[in-house]
Amino acid sequence: MEGPTMGTKPSRGGYLPINGLKLYHEVHGDLGASKAPLLLIPGAFMAADSMPDWVEAFARERAVIVFDQQGHGRTPDTSREMSYEQFADDGAELLRALEVERADVMGYSQGGGVALQLAIRHPAMVNKLVSMSATFRKEGWYPTVLESIGGLTAKDFAGTPVETAFKAHTPGAKAYDAYLEKMKALNINDQNISDEEMRSISAKTMVIVGDADGVTLEHALAMFKLRGGGDVAAAAAGLLQKVPDARLVVLPAMSHIGLSGESELLIPLVSRFLDDVPPKVPELF
């Protein structure tokens, strides 16, 4: 099966045996480039071809690795249970298979939760961490989000790429319905990362949300603080003395889904974070 049509064609990709999965992945760009490669993890029900603008823009300066999580896109589902921890282990094993010792990791929504687990469970492999519209505990979502997920049925995905891709490798309504139920359980139950685990992450972290997101602003702020955000010295001096360990981005009038379309605005911010570009200090006096 041919890879998806994107702005940039993958330099390599295909299927790899990863933790009992026939896992589909793509690499855009040169893994031997001077900048650390970026592992980009899309959200729930999204496949490797779901964020082409992000892949194309990032791949201009660094290698970008994308993969289809269990049951997503071209990766068939199995009887294996789904969890953020397991998906993170899959991502880590993929990096090992590609002989990538250390990568920047960015995840959107469900993928952001997976990115957090990857940083916790495989700290030596994660250089920088970007969590976009994601939570570290179930309480981080507005209750209406979980109610909406609970009401999803196969009809909501009829004719969509989600249904088409799944039935291409796994025909049969029962298998598809079972996959949807597993996905609903995964996202409704979410994960339960403790404050101590969040503080233990060694990777510098960027937290991105919208002010009309499914993630509450209080939760995003808590994540920012647990990752070392907030600079008392900068508050006193009026300027940053060093590159901060954590960054918080809140986009105005921006929903959960809307955020995924803001690559043009966000990629320069993320790239400066990944490249450790020092903050600018204007001359005022």
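The values are calculated or read from the model by the stated rules, or taken from the named source; none is laboratory data. These numbers come from a predicted model, not from an experiment. No Cβ is skipped: glycine too gets one built from the backbone with ideal geometry, and neighbour counts run over all protein chains shown. Keep in mind that these areas ignore ligands, DNA and RNA; they rest on the heavy atoms of the full protein, side chains included. Shrake-Rupley method; radii C 1.70, N 1.55, O 1.52, S 1.80 Å.
Hey, could you check the range 176-194 for residues that are under 18 Å from Asp156 (Cβ atoms) and touching a helix residue (DSSP H, G or I) at 6+ places or on another chain (Cβ under 8 Å) and say which is most open to solvent (accessible area, probe 1.4 Å)? Result: Asp177.
Is there a residue being touching a helix residue (DSSP H, G or I) at 6+ places or on another chain (Cβ under 7 Å) and closer than 18 Å to Lys182 by Cα anywhere in the range 113-132? Checked the range 113-132: at least one residue is touching a helix residue (DSSP H, G or I) at 6+ places or on another chain (Cβ under 7 Å) and closer than 18 Å to Lys182 by Cα. Taken together, the residues in the range 128-138 that are surrounded by fewer than 19 Cβ atoms within 10 Å (Cβ to Cβ) and either assigned to a helix (DSSP H, G or I) or aromatic (Phe, Trp, Tyr) (or both) amount to 1. Of the residues making up the range 242-285, those that are free of Cβ contacts under 8 Å to residues at least 40 places away in the same chain, outside any helix (DSSP H, G or I) and among the basic types (Lys, Arg) are Lys242, Lys280.
On the stretch given as the range 220-233, residues that are closer than 21 Å to Trp141 by Cα and open to solvent by 60 Å² or more (accessible area, probe 1.4 Å) total 2. Across the range 88-117, which residue is nearest to Gln69 (Cα to Cα) among those that are in a helix (DSSP H, G or I) and free of Cβ contacts under 8 Å to residues at least 40 places away in the same chain? That would be Ala88.
Here's the yes/no breakdown for (1) touching a Leu at 6+ places or on another chain (Cβ under 7 Å); (2) open to solvent by 70 Å² or more (accessible area, probe 1.4 Å); (3) at pLDDT 95 or above:
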position	(1), (2), (3)
Val215	no, no, yes
Glu218	no, yes, yes
Leu240	no, no, no
Met254	no, no, yes
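One line per residue, one yes/no per condition, for (1) polar (S, T, N, Q); (2) over 13 Å from the mean Cα position of the chain (by Cα):
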{"position": "Asp49", "(1), (2)": "no, yes"}
{"position": "Trp54", "(1), (2)": "no, no"}
{"position": "Glu61", "(1), (2)": "no, yes"}
{"position": "Gln69", "(1), (2)": "yes, no"}
{"position": "Met82", "(1), (2)": "no, yes"}
{"position": "Val100", "(1), (2)": "no, yes"}
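For Thr75, the conditions (1) at pLDDT 95 or above; (2) among the polar types (S, T, N, Q); (3) under 20 Å from Gly13 (Cβ atoms); (4) open to solvent by 10 Å² or more (accessible area, probe 1.4 Å) are fulfilled apart from (4). Identify all residues within the range 118-127 that are open to solvent by 10 Å² or more (accessible area, probe 1.4 Å) and not in a helix (DSSP H, G or I); write none if there are none. Scanning the range 118-127 gives His122, Asn127. Would you check if Ala115 is open to solvent by 10 Å² or more (accessible area, probe 1.4 Å) and under 25 Å from Glu264 (Cβ atoms)? No, not satisfied. Checking each residue in the range 195-212 for being open to solvent by less than 40 Å² (accessible area, probe 1.4 Å) and either among the charged types (D, E, K, R) or farther than 24 Å from Asp156 by Cβ (or both) picks out Met198, Ile201, Ala203, Thr205, Met206, Val207, Ile208, Val209.
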